[in-house]
Amino acid sequence: MAFTSRTDTLMKYMSLDQKGSVIAEYIWIDSVGNTRSKSRTLPAKEYTPADLPTWNFDGSSTGQAPGENSDVYLKPVAVFADPFLGSPNILVLAECWDNDGTPNKYNYRHECAKLMEAHKDRKPWFGLEQEYTLLGDDDRPYGWPKGGFPAPQFQYYCGVGYGNVVQRDIVLAHYKACLYAGINISGTNAEVMPAQWEFQVGPCEGIAMGDQLWVARFILNRVAEDFGAKVSVHPKPMKGDWNGAGLHTNFSTEEMRVEGGMAYIEAAIKKLEARHADHIAVYGEENEQRLTGRHETGAIDQFTWGIANRACSIRIPREVGAKGYGYFEDRRPASNADPYRITHAIMLSCFGDAE
């Protein structure tokens, strides 16, 4: 049986005076791509990452350090309003560092941030489309018949009405919570497989893309926790004739977004093609189950691109093809991929390493 939050009971405590204190929820990414968090009390004031203290946690309990040397340090890098506790409380995204002063093995943000800074004059914009599936206690998608299957895929995409969508309350709560937090969430919709949804974050410039997507994932899991649901970002949550789940990545630079930009888009796509295997290596675990050439995907061992073609590795939107400038969509990343690794790989392929 799922145990959900007792909001009516909680509310009488939420209104209590915090006596000049702020609750800061420190968030980090563990060794397998889950978010973790813990809270601390700080004096009430407006905080920037530079104002916040470095903290630590037991890395041996998150797969990020051995037991005999388990302290991992949390260095704040971004601050958001806390949609769960409300003002003046904050969410604090932090990088993980080892005690020798080097980034933790699973800190993919550090190198990504350096590369974004090196090429910031290009004004790289990203927009990520996070697909996910809501599961019940039995680890099956919500709304699916016990021991059976729903009707074939057709009516569920952007669906409306009982029998077509489930758990819209989670989706709406997440949407509102992201807006409150200051996440640049740009939309949401029901996806092709029943119980599957998508939200979009962006456009964000540079390292802000990874930061905002990770915090949006954290918020989604916290919201689902309240409703007694599980969030799956597995790229193929259900075997068979069902769509998988991706993290489609939209990308452009300043020169791509103005007249004549198609030449820069096509040049970038050629560079991505030359490093296809390198991208697949960091585009998510078990992505081979999803990139089969079916269900609106390209094949994992082939690089293809086209205009308005969702069965390609790279899709150029029809409007972009008509105008001759804009952006392109990399459809290869899996829903469980790390946005820092995705955006780093694209920047590295297009422009080379940091100086």
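Taken together, the values in this text are just the output of simple stated rules run on the coordinates, not laboratory data. Computed from a predicted structure; not experimentally measured. Note that each Cβ is placed from the backbone with ideal geometry, even for glycine, and that neighbours are counted across all protein chains shown.
Mean separation of Cα pairs under 8 Å and 6 or more residues apart, divided by the residue count, gives the range 117-351 a relative contact order of 23 percent. Per residue, the average separation of C-alpha pairs within less than 8 Å and at least 6 apart gives the range 88-203 a relative contact order of 28 percent. Taking Cβ atoms as reference points and 9 Å as the exclusive limit, the residues near Ala24 contribute a net charge of -1, counting Lys and Arg as +1 and Asp and Glu as -1. Express in whole angstrom the spacing between the alpha-carbon centres of the range 86-154 and the range 163-218. Centre-to-centre (Cα) distance: 11 Å.
Taking a ≥ b ≥ c as the square roots of the eigenvalues of the Cα gyration tensor, the range 166-307 is classed as oblate, since a/c reaches at least 1.5 and a/b does not exceed b/c. Taking Kirkwood radius over Cα pairs in Å as calculated from this structure, the corresponding entry among (i) 21.5; (ii) 22.7; (iii) 20.0 is (i). Taking amide hydrogens as placed 1.01 Å from N in the peptide plane, the amide H of Gly293 sits under 5 Å from those of Gly298, Ala299, Ile300, each at least 5 positions away in sequence or on another chain. Tell me whether the range 19-129 comes out rounded, prolate or oblate; compute the Cα gyration tensor, take square roots of the eigenvalues as a ≥ b ≥ c, and use a/c under 1.5 as the rounded threshold. Oblate. As a quick test, which of the pairs Lys239/Lys271; Lys114/Lys271; Lys123/Lys230; Lys120/Lys271; Lys38/Lys236 have an alpha carbon distance above 26 angstrom in this structure? From Lys239/Lys271; Lys114/Lys271; Lys123/Lys230; Lys120/Lys271; Lys38/Lys236, over 26 Å: Lys239/Lys271; Lys123/Lys230; Lys38/Lys236. Which whole-number percentage describes the relative contact order of the range 264-345, with Cα contacts under 8 Å and a sequence gap of 6 or more? Normalised by residue count, the contact order of the range 264-345 is 30 percent. The amide H of Gly33, built 1.01 Å from its N in the peptide plane, has no neighbour under 5 Å, considering only residues 5 or more places off or on other chains.
Exposed loop chymotrypsin sites (Phe, Trp or Tyr not before Pro) only (DSSP loop, at most 13 other Cβ atoms within 10 Å): please give the longest stretch of the chain free of them, not including the sites. In short, 155-355. Between amide H atoms placed 1.01 Å from N, distances below 5 Å from Ala78 occur with Leu93, all of them 5 or more places distant or on a separate chain. Considering only beta bridges that DSSP places wholly inside the chain, some 85 percent are antiparallel. Estimated at 0.36 nm per residue, the fully extended path between Lys114 and Met11 surpasses their Cα-Cα distance by 32.8 nm.
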